[in-house]
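Trainee: Input: one structure, supplied below.
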Amino acid sequence: MFAIAAVIAGALLIGGCSAENMPVLYPSGEVALAERNILFRAFLIMMVVVVPVFIMAFWFSWHFRGTNIRARYAPNWISDKLDILVWIVPALIVGSLGIHVWIYTHQLDPYKPLDSTAKPIEVEVIAQDWKWLFIYPELGIASVNELAFPAEVPLSLKITSDTVMNSFFLPALGGQIFAMAGMQTRLNLIAAKPGEFVGRNTQYSGDGFADQHFKAIAMEAGEFEKWVANVRQEGAALDGATYAELAKPTIAQPVIYYAPVVPGLFTNVVHKYDSGMIGGAMAAE
């Protein structure tokens with residue numbers, strides 16, 4: 001009865017979830033859907049051992065109850081066959097689970113470009129205290145805490161940090177990857193349809209960590225073109241001096257647009273750590 005009640009309670013809890021507050025279970029992109037399917041299949045594989053354990057736990061409790069005079073007391077009972085079963089079944093489950101996860105997670109290599117006839121949108125992502133800067137090098141624009149892109153078009157992200165280690169996570173579209181100073185990581189995502197999603201930093205990074213999230217907007221192609229035109233019209237130039245000011249710590253930073261953007265800004269942020277340069281070298285550009 002306890003197991004049945006737990007299943008019913010779990011179903012009711014999940015039934016109250018939505019794509020907005022449970023994006024992992026209600027994905028909006030190809031990568032996120034594949035990751036969810038891996039999670040569900042792994043869960044089913046593990047249920048092969050979990051379900052029998054619950055069934056036997058309740059059966060043994062009922063069968064060997066004190067009032068059952070037919071239950072045989074055999075404290076020295078030994079069964080080689082049962083021992084073999086107890087060890088082989090979990091070993092097979094662990095083995096199949098490992099093979100399953102190995103195969104399918106490698107198919108979702110975050111550095112691997114997604115198959116699509118559309119040209120990817122290139123975006124350079126810089127984690128700061130405590131905000132995200134998104135640079136569109138091919139468009140010459142940038143935005144803070146707002147990542148816009150066309151739906152059904154691959155999104156190719158290059159990610160680094162200009163502060164401590166951060167973790168870039170956009171659960172509705174799939175994938176979590178670290179942003180590290182002096183290093184560049186990659187992430188390829190795609191949105192199946194237009195929508196608005198929430199991205200965040202999942203690596204604790206200090207006072208403003210709780211407010212370090214951003215809005216990701218998948219748009220129709222025409223809407224994205226209007227967004228780009230609006231950024232170019234409203235944005236201020238982003239050069240070395242402006243970047244140095246932006247990089248100062250802020251909490252709950254509102255959206256900011258920049259246009260044009262000095263070329264090579266992302267590369268300078270990556271290399272300033274392994275070359276020993278500090279922010280002043282960028283401000284001098």
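Trainee: Taking region 154-183 as the region of interest, how many residues are among the hydrophobic types (A, V, I, L, M, F, W, C) and surrounded by fewer than 22 Cβ atoms within 10 Å (Cβ to Cβ)? I'd like the intermediate steps shown before the answer.
Mentor: First, pick out the residues of region 154-183 that are among the hydrophobic types (A, V, I, L, M, F, W, C): 155, 157, 159, 164-165, 168-170, 172-173, 177-181, 183.
Remaining after also requiring surrounded by fewer than 22 Cβ atoms within 10 Å (Cβ to Cβ): 164-165, 169, 177-178, 180-181, 183.
Count: 8.
Trainee: If the Cβ limit is 6 Å and pairs must be 6+ apart or interchain, which residue in region 213-228 that is over 10 Å from residue 150 (Cβ atoms) pairs with which residue that is buried (at least 19 other Cβ atoms within 10 Å of the Cβ) and aromatic (Phe, Trp, Tyr)?
Mentor: From residues that are over 10 Å from residue 150 (Cβ atoms), the pairs are 214/132; 216/197.
Trainee: Would you call residue 104 farther than 30 Å from residue 222 by Cα, of a type in the set (Ser, Thr, Tyr) and in contact with a helix residue (DSSP H, G or I) (Cβ under 9 Å, 6 or more places away or on another chain)?
Mentor: Numbers: farther than 30 Å from residue 222 by Cα: yes; of a type in the set (Ser, Thr, Tyr): yes; in contact with a helix residue (DSSP H, G or I) (Cβ under 9 Å, 6 or more places away or on another chain): yes.
So residue 104 passes the test.
Trainee: Among the residues of region 205-217, are any surrounded by fewer than 18 Cβ atoms within 10 Å (Cβ to Cβ), of a type in the set (D, E, K, R) and either in contact with a helix residue (DSSP H, G or I) (Cβ under 6 Å, 6 or more places away or on another chain) or closer than 13 Å to residue 133 by Cα (or both)?
Mentor: yes
Trainee: Would you check if residue 33 is modelled with pLDDT of 85 or more, assigned to a helix (DSSP H, G or I) and under 30 Å from residue 154 (Cα atoms)?
Mentor: yes
Trainee: So which of 104, 111 ends up being in a helix (DSSP H, G or I) and hydroxyl-bearing (Ser, Thr, Tyr)? Steps first, answer last, please.
Mentor: Numbers: 111 fails: in a helix (DSSP H, G or I).
Residue meeting the stated conditions: 104.
Trainee: Within region 223-234, can one find any residue that is surrounded by fewer than 17 Cβ atoms within 10 Å (Cβ to Cβ) and within 14 Å of residue 162 (Cα to Cα)?
Mentor: no
Trainee: Confirm whether residue 128 is surrounded by 21 or more Cβ atoms within 10 Å (Cβ to Cβ) and under 21 Å from residue 268 (Cβ atoms).
Mentor: Against the criterion (surrounded by 21 or more Cβ atoms within 10 Å (Cβ to Cβ) and under 21 Å from residue 268 (Cβ atoms)), residue 128 qualifies.
Trainee: Being under 16 Å from the mean Cα position of the chain (by Cα), at negative phi and in the same structural domain as residue 136 (by TED's automatic domain parsing) is true for just one of 266, 214. Which residue is that? Full working, then the answer.
Mentor: On the way: 266 fails: under 16 Å from the mean Cα position of the chain (by Cα).
None of the others qualify; the one that does is 214.
Trainee: Tally time: how many residues in region 58-95 are touching a residue at least 12 places away in the same chain (Cβ under 8 Å) and of a type in the set (Gly, Ala, Ser)?
Mentor: Pass one, region 58-95, residues touching a residue at least 12 places away in the same chain (Cβ under 8 Å): 58, 89-90, 93.
Of the ones still in play, those that are also of a type in the set (Gly, Ala, Ser) are none.
Result for region 58-95: 0.
Trainee: Could you list all residues from region 244-263 that are in contact with a helix residue (DSSP H, G or I) (Cβ under 6 Å, 6 or more places away or on another chain), touching a residue at least 60 places away in the same chain (Cβ under 8 Å) and either outside the structural domain of residue 199 (by TED's automatic domain parsing) or of a type outside the set (Val, Ile, Thr) (or both)? Quick ask: steps written out before the conclusion?
Mentor: Step one: of region 244-263, the residues in contact with a helix residue (DSSP H, G or I) (Cβ under 6 Å, 6 or more places away or on another chain) are 244, 251-252, 257, 259.
Now drop any that are not touching a residue at least 60 places away in the same chain (Cβ under 8 Å), which leaves 251, 257, 259.
257, 259, listed by residue number.
The values are calculated or read from the model by the stated rules, or taken from the named source; none is laboratory data. Since the structure is predicted, the reported quantities are computational estimates derived from the model, not experimental observations. Glycine also receives a Cβ, built like all others from the backbone with ideal geometry; neighbour counts cover every protein chain displayed.
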